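Accompanying notes for the structure given below.
Each value in this text was obtained by applying a stated rule to the coordinates, not by laboratory testing. None of the values given here were measured: they were computed from a predicted structure. For neighbour counting, all protein chains shown are included, and Cβ atoms are generated from backbone atoms with ideal geometry for every residue, glycine included.
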Amino acid sequence: MESVITNQRRATDHVAISYTGMFDSEILSVLAQGIEGTLSKDDKVNKKVFKIFIELAQNISQYSIEREINASGEDMGVGTMLIREFEDYFEFSTGNKTTMDLIIPVIEKCDNINSMTREKLREYRRLQRNMPASNKGGGNIGLIQVALTAGNPIEYGVVKCEDNNYFYIVSVKINKEKSTD
């Protein structure tokens with residue numbers, strides 16, 4: 001029965017945008033153009049997806065342990081981004097290589113964020129803005145902003161790689177606005 005459900009889900013979704021590679025400003029600009037104004041007929045949904053894209057792409061650029069040097073000589077993070085469209089929502093997922101030491105605080109932060117109401121999240125964001133910038137892996141307000149923008153919990157997963165590092169995946173659903181026809 002589970003495979004039938006999985007097959008049904010695949011039949012109703014499609015990949016809107018998929019990218020794997022270095023997350024530098026030039027590539028982010030091209031990806032942003034693909035998102036901004038073209039993903040959905042609803043500008044409000046496009047803006048939400050765009051805001052989430054900015055936050056999660058910055059996480060890959062800054063925190064991925066897999067690195068490449070761009071044309072300007074800058075050290076940039078490497079990762080994966082996938083936007084899938086379903087009937088009622090978009091699912092935005094990113095992933096990148098990391099170490100368990102770096103990922104544990106982020107997992108704890110996601111769990112904390114997911115346990116809060118919208119009002120508590122806003123209060124938490126205000127508190128975090130007044131805190132000094134965090135070290136790698138800490139994620140100050142980016143994940144809080146993702147949860148607030150999406151209006152849905154942050155889902156995550158961790159997969160152990162052969163090199164004893166980990167691949168960290170973050171996903172969030174962005175609901176499509178209901179038609180008032």
How are the C-alpha pair distances of segment 79-134 spread across 10 Å bins, as whole percents from the shortest bin up? 18, 33, 41, 9, 0
Could you pull out every residue, at least 5 positions away or on a different chain, whose amide H is within less than 5 Å of the one on residue 176? Hs are placed 1.01 Å off N in the peptide plane, and Pro or chain starts have none. 89, 90
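In deg cm²/dmol and to the nearest 500, what is the mean residue ellipticity at 222 nm of the chain if only DSSP H runs of at least 4 residues count, each as -39500 (n - 2.57), divided by the residue total?
Numbers: 6 runs with 79 residues, N = 181.
Calculated mean residue ellipticity at 222 nm is -14000 deg cm²/dmol.
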Below 28 Å, Cα to Cα, which lysines can residue 109 reach? Residues fewer than 8 away in the same chain don't count. 44, 47, 48, 51, 97, 120, 136, 160, 173, 176
Alpha carbons only, please: Rg and Dmax for segment 26-85, in angstrom. 12.8, 38
Over all viewing directions the Cα convex hull of segment 142-181 casts an average projected area in nm² of 3.9 nm²
To the nearest 20 Debye, how big is the dipole of the chain about its Cα centre, given +1 on the beta carbon of each Lys and Arg and -1 on that of each Asp and Glu? 640 debye
Protection proxy ranking, peptides 151-157, 41-47, average beta carbon neighbours within 10 Å, highest first: 151-157, 41-47
Ordered by packing density, taken as the mean number of other Cβ atoms within 10 Å over each peptide's residues, highest first, how do 76-84, 99-107 rank? 76-84, 99-107
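For residue 20 and residue 162 in one chain, what is 0.36 nm times their gap in residues minus the Cα-Cα distance, to one decimal in nm?
Details: separation 142, 0.36 × 142 = 51.12 nm, distance 1.90 nm.
Between residue 20 and residue 162, full extension yields an extra 49.2 nm.
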Applied in sequence order to segment 22-36, the curve 6.51 cos²θ - 1.76 cosθ + 1.60 (Karplus, θ = phi - 60°) yields integer Hz couplings, x standing for Gly and Pro, of 6, 9, 10, 4, 5, 5, 4, 5, 5, 5, 4, 5, x, 8, 5
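Averaging sequence separations of C-alpha pairs under 8 Å and six or more residues apart, then dividing by the length of the chain, give the relative contact order as a whole percent. Could the numbers behind the result be given before it?
On the way: 292 pairs, mean separation 43.3, N = 181.
It comes to 24 percent, rounded to a whole number.
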Mind listing the Cα extents of the chain along all three principal axes, in Å, largest one first? 48, 39, 37
